[in-house]
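Presented below is the structure to which this report refers.
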Amino acid sequence: MPTPAADLEKLKADLAAEIATAGDADAIEKIRVAALGRKGTVTELMKTLGALSPDERRGRGAALNALKDEVAAAIEARAAAIGGAALDRKLASESVDVTLPARPERAGCIHPVSQTIDEVVAILGDIGFTLAEGPDIEDDWYNFTALNIPPDHPARQEHDTFYLPGERSSPGGPARVVLRTHTSPVQIRAMMRAKPPFRIIVPGRTYRCDSDMTHSPMFHQVEGLVIDEATHMGHLKSCLIEFCRAYFGIENLPVRFRASYFPFTEPSAEVDIGCTRADGTLRIGSGDGRARVARDAHDDWLEILGCGMVNPKVLANCGIDPARYQGFAFGMGIERIAMLKYGIPDLRTFYESDLRWLRHYGFAALAQPSLTGGLAP
Ligand code: PHE
């Protein structure tokens, strides 16, 4: 029988040679199992320790443990080296040529709703309005009651409101939670938050339980509100005439104010713009696009927004003294004015996320609208 130390030295040398020549992860794993696995050579040798005398066992045991640790360390080092080499090979074979030209990508574009909001903000911003916002989830005090639409008012039904479960506390007491049916509740928030004078515009999402060619359960409006001590109907008219002509890019666009009714304005009006339907297609103005047109060269009217002088009751509901302050408000549908300006026939297509539609009706990302840069597409 060989001396105890000698057989272990030989085994160690054999294993070291095998480990050194192992070429890949599989080979090194085979060596590990053959030496250190449950039936491996080193493991089997460990099992023989039990038959030895305590003295013999101490010396042999220490030598075997040292062997086991050395072999395990050698295997681990070799496995790491093999892994590193494999990674290097992969990196070398998968190198990227950063000098190649970029693949042609179709540029993204701006949705007509965003574009129209930007245009409206650019025009009204130049007239001195600042941007305000309010929450989509409102309660019926802000959305109706404070706007002089009492609980039994027919306008509450006409708005086809989406009610959410529950009530919350509001300045008028507990109020039902609703998705705002118009941007007008932001008038209330603005008037309760700051002291007049102010001029704000509020673009945002609005919700009504309604869906067809010209109605969507979610759509967009822009609200406008001007409050100070001397604002009168003449300011309202000039502001909105100016807006309509700038937005549609038609200098003499016919604009008329037709008496109407909203609970939160008094007097109230609907704004119509002149159009032609002569050859079966609707055209804004006289029909010859952006050229100057004579005031009477149109054959029909199109309603585009609602407006009026803020009802003194609404001012009082917001803690503003109606004897001192007054002003005007207006509201219009973004999709509606986008459809009219850009000839988009169906409202539902705005929300279908069809890329072909977006590429057709969308706008270049860097074509920011401004009065100085030109608003026309
Ligand atoms: N909120 C009204 C609507 O949604 C529009 C409007 C706003 C009318 C402000 C007058 C003043 O129909």
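The values are calculated or read from the model by the stated rules, or taken from the named source; none is laboratory data. Remember, predicted model here, so these are calculated numbers, not experimental data. Neighbour counts run over all protein chains shown; Cβ positions are idealised from the backbone, glycine included. Each accessible area value is taken on the protein alone, full model and side chains, heavy atoms only, with ligands, DNA and RNA left out. Shrake-Rupley method; radii C 1.70, N 1.55, O 1.52, S 1.80 Å.
Please enumerate, by chain and number, the aspartates and glutamates with C-alpha under 20 Å from the C-alpha of Lys47, excluding those fewer than 8 residues away in the same chain.
Excluding near neighbours in sequence, the set is Asp7, Glu9, Asp55, Glu56, Asp69, Glu70.
Would you mind calculating the gained length between Glu76 and His153 on full extension (0.36 nm times residue separation, minus the Cα-Cα distance), in nm to one decimal?
19.6 nm
Starting from the Cα of Lys313, draw a straight line to each of the lysines and keep only those under 30 Å, dropping any in the same chain fewer than 8 residues away.
Lys195, Lys237
Find which of Ala66, Met46, Ala81 sits farthest along the positive direction of the dipole of the range 5-93, computed with +1 on the beta-carbon of Lys and Arg, -1 on that of Asp and Glu, about the Cα centre.
Met46
Report the rotationally averaged projected area of the range 5-93 based on its alpha-carbon convex hull, in square nanometres. Before the final figure, lay out each step's value.
On the way: hull surface 23.2 nm².
It is 5.8 nm².
What angle do you read, to the nearest 10 degrees and between 0 and 90, between the alpha-carbon axis of helix 112-127 and the longest principal axis of the chain?
50 degrees
Treating the angle as unsigned and between 0 and 90°, give the value, to the nearest 10°, between the Cα long axis of helix 233-248 and the longest Cα principal axis of the chain.
That helix lies at roughly 50 degrees to the long axis.
With just the Cα atoms of the range 73-175, tell me how far they stretch along each of the three principal axes, in Å, largest first.
Computed over the Cα atoms, the extents are 85, 43, 26 Å.
Over all distinct alpha-carbon pairs, what is the Kirkwood Rh of the range 35-80 in angstrom?
11.2 Å
Between Val98 and Ala316, what length comes free when the chain is fully extended (0.36 nm per residue of separation minus the Cα-Cα distance, one decimal in nm)? Numbers along the way, then the final one.
Details: separation 218, 0.36 × 218 = 78.48 nm, distance 6.68 nm.
Difference between extended and current length: 71.8 nm.
For helix 54-93, report the angle its Cα long axis makes with the longest principal axis of the Cα atoms of the chain; keep it between 0 and 90° and round to the nearest 10°.
So the inclination is approximately 40 degrees.
If I take the Cα coordinates of the range 112-364 and project them onto the principal axes, what are the three extents in Å, biggest first?
55, 43, 33
Any idea of Asp160's accessible area? Nearest 10 Å², probe 1.4 Å.
Accessible area, nearest 10 Å²: 60 Å².
Take the solvent-accessible surface of the protein heavy atoms, probe 1.4 Å, and return the percent of it on the range 112-364 that carbon and sulfur atoms account for.
Answer for the range 112-364 is 52 percent, counting heavy atoms of protein chains only.
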